[in-house]
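Input: a single structure, listed below in structure tokens.
The values are calculated or read from the model by the stated rules, or taken from the named source; none is laboratory data. Keep in mind it's a predicted model, so treat the numbers as computed, not measured. Here the Cβ is made from the backbone with ideal geometry for all residues, glycine too, and neighbour counts use every protein chain on show.
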Amino acid sequence: MLTEKELHVLSERARGKSQREIAGKLSISQAAVSKFETNAHRKILQAEQLTALVHKLGVHTEEGLAGKLVRYGGGKQ
């Protein structure tokens, strides 16, 4: 999951703000902003990869996330 700061940084970047501008607004270093942005992009990529794997396996994730029996498409329960 993305942290509040990661979400804030991505939101500001989507609005066209530079890392320097965001750093000034949040009173943190530009390096920290870069780290938040990099971590957010990494987490998003991992989530996309996991989603693709879940679909490939045919896992019904809403059931697995709810703590219920997870069914796999075409396989036995």
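Side notes on the structure shown:
- Meets criteria (touching a Gly at 6+ places or on another chain (Cβ under 7 Å) and at pLDDT below 95) for residue 70: yes
- Among the residues of segment 1-51, those identified as surrounded by 15 or more Cβ atoms within 10 Å (Cβ to Cβ) and assigned to a loop (DSSP other than H, G, I, E, B) are 2, 17, 28.
- Residue 77 vs. criteria out of contact with any Ser or Thr (no Cβ under 7 Å at 6 or more places or on another chain) and at pLDDT below 95: yes
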